[in-house]
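Beneath this line is the structure, given in structure tokens, with notes to follow.
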Amino acid sequence: MGKLAVLSLAVIALAVLIGERLSSLRHLTLSYRELTQNYLPNCHLIDGIDFGAEDITILEDGLAFLSTGLKYPGLPSYSEDPGKIYTLNLLDSELKLEALSIKGQFEKDYFNPHGISVYTDDKDGAIYVFVVNHPQGKSQVEIFRFVEKENALQHIKTIKHELLHNVNDIVAVGAESFYATNDHYFTNEILKFVEPLLSLPWCDVVYYSPETVQVVAGGFLSANGINISPNKRHLYVSNILKHTIVVLEIKKITVLSHVKEVDVDSLCDNIEVDRESGDLWLGCHPNGLKCVFHDPNDPPGSEVIRIENILSEKPQVTQVYADDGSVIIASSVATPYRGKLLIGTVYQKALICDLK
Ligand SMILES: [Ca+2]
Ligand SMILES: [Ca+2]
């Protein structure tokens, strides 16, 4: 075969590969999806949240913790200030956001909080706040003790481990133990950028305790939000680029078995679980490409999805809220509390609505 023929074949092969990858990217990001508005009554933006509340979780007594000010490579962030953890008491008639001060040996200037989880110790009622932190682009987990009287977080320890290399979210299962998701396989910034384009199912879930650290589940295109069922028997993990929620049964603390994957047809980020009904509440990105380009004239929208009876033969997947970005941009978490729904976003605002 002549050189020209070889070159032509190479060009054709490359074109086919690029075409195939572009088509795959279109599917991964659901870039063709158009959103129909689906609003809830009495929605109000939360005063004081302007730079995202990527993750939110609510205690049984109505106190919400909000992780704000995330700086994440490839996504916009509109503040140079370090991130903060806020509380918001949902039982107060006037919702007042309070920033938690941080006590102890801790580098506040580089605080870059991402996924959070709260654990209450049954023995003494102590409340521990676990926070994924990315100081200067690194990945580590901070454990704080919540000091309610002082509206403060007492820093207890920083956990770093080679298996905790791209942590997105965590769910605490003890005062010092948790499951964590990695949303990328590579740590090199260029490879991290290329990774989603190659559809490599190499992301995982890691269990950490002071005695054991190990990968307990794998095969995720990108593992994002994670949470646990009220009876602590199942883990739920968002396989965000596959548009599914993976259900894992906890056989033993480090032995998980794959139960099923539920289609959600959206790029779902964090997962909150209603402690009474066991329903899953998901903050989702209806169009991933818009999240990447973040064009102010065509912003990413927001979508909240609820899954009822996830362990049954026929889980019900329902869209609860949808907005094209004119109200809130890039919703990443949604958490219900006594007839209200609090929605947080990656880098913009937070919204509270009445559930119908
Ligand atoms: Ca979380
Ligand atoms: Ca997340």
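What follows is calculated from the coordinates using simple rules that are stated; it is not laboratory data. The model shown is predicted, which means the values in this text are computed figures rather than measured ones. FYI the Cβ positions are ideal-geometry reconstructions off the backbone, even for glycines, and counts take in every protein chain you see.
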Inset, instruction - Starting from the range 231-323, pick out the trypsin sites (Lys or Arg not before Pro) whose DSSP state is loop and whose Cβ has at most 16 other Cβ atoms within 10 Å. - result: Lys232, Arg233, Arg275
Legend entry - Orphan Cys of the chain, criterion: no other Cys C-beta under 4.7 Å: Cys203, Cys291
Inset, instruction - For Thr212 and Cys43, compute 0.36 nm times the residue count separating them, minus their Cα-Cα distance, and round to one decimal in nm. - result: 56.4 nm
Legend entry - Assigned charges on the beta-carbon of Lys, Arg, Asp, Glu; the range 41-354 dipole about Cα centre (debye): 640
Legend entry - Furthest towards positive pole of dipole, Ile305, Asn239, Ala217, structure part the chain, Cβ charges: Ala217
Inset, instruction - Run down the lysines and flag those whose C-alpha is under 22 Å from the C-alpha of Lys251, throwing out any fewer than 8 positions away in its chain. - result: Lys232, Lys260
Legend entry - Rotationally averaged projected area of the chain (alpha carbon convex hull; nm²): 20.4
Inset, instruction - Take every Cα pair under 8 Å in the chain that's 6+ residues apart, average their separations, divide by the length, and report that relative contact order as a whole percent. - result: 17
Inset, instruction - Taking every pair of alpha-carbon atoms in the range 1-152, give the share separated by more than 20 Å as a whole percent. - result: 64
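Over the range 225-293, what is the mean sequence separation of C-alpha contacts under 8 Å (at least six apart), divided by residue count, expressed as relative contact order in percent?
Contact order relative to length: 27 percent.
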Inset, instruction - Can you put Asp324, Asp92 in order of Cβ neighbours within 10 angstrom, beginning with the fewest? - result: Asp92, Asp324
Legend entry - Along the chain, longest interval not containing exposed GluC sites (Glu not before Pro), exposed being DSSP loop plus at most 16 other Cβ atoms within 10 Å: 212-275
Legend entry - the range 316-356 versus the range 219-261: alpha-carbon centroid distance in Å: 22
Inset, instruction - Between beta-carbons, use under 13 Å as the cut-off and find the net charge around Asp279, counting Lys and Arg +1, Asp and Glu -1. - result: -2
Legend entry - Gained length - Leu355 relative to Ser326, 0.36 nm times residue gap less alpha-carbon distance: 8.5 nm
Legend entry - Unit charges at the beta carbon, dipole of the range 78-187: most positive-side option, Ser101, Phe178, His161: His161
Inset, instruction - State to the nearest 20 debye the size of the charge dipole of the range 75-172 about its Cα centre, where the only charges are +1 on K and R beta carbons and -1 on D and E beta carbons. - result: 240
Inset, instruction - Obtain the nm distance between the two label points defined at Phe193 and Asp61 by a simple spin-label model: each point lies 7 Å from its Cα along the Cα-to-C-beta direction. - result: 4.8
